[in-house]
Amino acid sequence: MAGRIFDNPHQIHQYLTQECGYKCSGGKVRKAIDDRKIRTRRGGGFSQAEVDQYAKGNLEKKIIAASPKDDSPVGGDELAPEAKTKAEAKLKLVQAERAQFLLDKERGKYIPTAVMEAELGQRAKAFKLGLEKFAPDNAVKIAEIFGGAEDTARELCNRLGADPEAGIPLVIDFTHSRIEHFTRMWRKQVLQFLDSYATGTWWTEEMQQAWEKMLEAEENEDAA
């Protein structure tokens, strides 16, 4: 079987963490794509085989200890009074920050990363399809400019000093025979063109700094 096709980094992250049990953040997945450790398919998206290959060589499975001595909760009453007070104060601060975040989110100040990535993924797909359609939709018109129509073929024959009556059909046939070559060349150029719009390549310094800060935070979560 060919396996699944993932449209965006969020789907890859969900697959690796929820289905495969790997320890991995969304930022790490996006960085792997930026570094081409997870390569895009020629037809767009990411293949399951490519994702699995990356995971085997770069990620670790989540380990759950089965020993009874590990059954006790992390933290708890065994903490010293001073440490417990600090933990409670930290918990209250986190709860207050979370409450403020949820309030700001309800007011529309924040948009989930997954929602943004899904939207950008759909836009990129539409953009790519639009670019790819340009060549087959306009190849004949372009060919006519360079001798694929009777008037331009006649002009070319006149400039070359060839007999128009004999040369026009030959020029038109040759020019139209290059349409398929132009279409294939255009598709390759589209892929190279879209590389500069890949996720992780930002055009403003503010967005680049925000992105790097998010990646750093997620890397720290992985290391914890």
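The values are calculated or read from the model by the stated rules, or taken from the named source; none is laboratory data. Nothing here was measured: the structure is a model prediction, and the numbers come from that model. Every residue, glycine among them, receives a Cβ derived from its backbone with ideal geometry; neighbour counts consider all protein chains shown. The area values use the complete protein model at the heavy-atom level, side chains included, leaving out ligands, DNA and RNA. Shrake-Rupley method; radii C 1.70, N 1.55, O 1.52, S 1.80 Å.
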Got a sec? Which of A49, A83 is at pLDDT 75 or above, under 37 Å from the mean Cα position of the chain (by Cα) and surrounded by 10 or more Cβ atoms within 10 Å (Cβ to Cβ)?
A49
Inter-residue pairs, beta-carbon under 7 Å, first among the hydroxyl-bearing types (S, T, Y) and in region 110-127, second part of a helix (DSSP H, G or I), 6+ apart
Y110/D104; T113/G26
Just one listed residue, out of R30, R41, is touching a Ser or Thr at 6+ places or on another chain (Cβ under 7 Å), surrounded by fewer than 15 Cβ atoms within 10 Å (Cβ to Cβ) and not small (G, A, S), and it is R41
What tally of residues in region 6-21 results from selecting those that are outside any helix (DSSP H, G or I) and either of a type outside the set (G, A, S) or free of Cβ contacts under 8 Å to residues at least 40 places away in the same chain (or both)?
4
Does at least one position in region 173-187 carry a residue that is at pLDDT below 95, β-branched (V, I, T), loosely packed, with under 12 Cβ neighbours inside 10 Å and assigned to a helix (DSSP H, G or I)?
no
Can you say whether V140 is among the β-branched types (V, I, T) and within 28 Å of the chain's Cα centre (by Cα), as far as the supplied structure shows?
no
Residue among A114, A124 that is touching a Phe, Trp or Tyr at 6+ places or on another chain (Cβ under 8 Å) and open to solvent by less than 70 Å² (accessible area, probe 1.4 Å):
A124
Residue selected from region 188-216 under the condition surrounded by 15 or more Cβ atoms within 10 Å (Cβ to Cβ) and hydrophobic (A, V, I, L, M, F, W, C), by the criterion modelled with the highest pLDDT:
V190
Testing E144 on (1) acidic (D, E); (2) modelled with pLDDT under 85; (3) over 30 Å from M214 (Cβ atoms), one condition comes back false. Which one is that?
(2)
Return a yes/no flag: does region 52-65 have any residue that is in a helix (DSSP H, G or I), of a type in the set (A, V, I, L, M, F, W, C) and either in contact with an Asp or Glu (Cβ under 8 Å, 6 or more places away or on another chain) or at pLDDT 85 or above (or both).
yes
